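In what follows, a structure is listed as structure tokens, so that the remarks can point back to it.
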Amino acid sequence: MVDDSDTERRIIGGMLRKIGFLNINEASDGKEALAMLHEKSYD
């Protein structure tokens with residue numbers, strides 16, 4: 001998930017885990033997210 005707010009990422013991450021998503025990657029901005037996309041394949 002991508003959000004510049006640590007608090008929002010923590011809240012959203014918790015909600016996703018609660019409904020069964022266990023493999024969650026976080027990025028604080030688009031640049032970081034794009035770098036992650038180059039390193040790993042996402043569905």
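Taken together, the values in this text are just the output of simple stated rules run on the coordinates, not laboratory data. Source: prediction; values computed, not measured. Quick reminder, even Gly has a Cβ in these numbers, built from the backbone with ideal geometry, and neighbours come from all protein chains shown.
Descriptive notes on the structure:
- Charge tally for ASP4 (other residues, Cβ to Cβ under 12 Å; Lys, Arg +1; Asp, Glu -1): -4.
- When the chain is described by a simple charge dipole with +1 on each Lys and Arg Cβ and -1 on each Asp and Glu Cβ, the residue from PHE21, VAL2, ALA33 located farthest towards its positive end is PHE21.
- Cleavage-rule hits, trypsin sites (Lys or Arg not before Pro), the chain, DSSP coil, Cβ neighbours within 10 Å at most 13: LYS40
- For segment 20-27, backbone phi angles converted through the Karplus equation (6.51, -1.76, 1.60; θ = phi - 60°) give residue-by-residue couplings of x, 7, 10, 9, 10, 9, 10, 9 Hz, Gly and Pro being listed as x.
- Whether the chain is rounded, prolate or oblate, judged on the alpha carbon gyration tensor where a/c under 1.5 counts as rounded: oblate
- Sequence-separation-based contact order of the chain, relative, with Cα cut under 8 Å and 6+ spacing, percent: 47 percent
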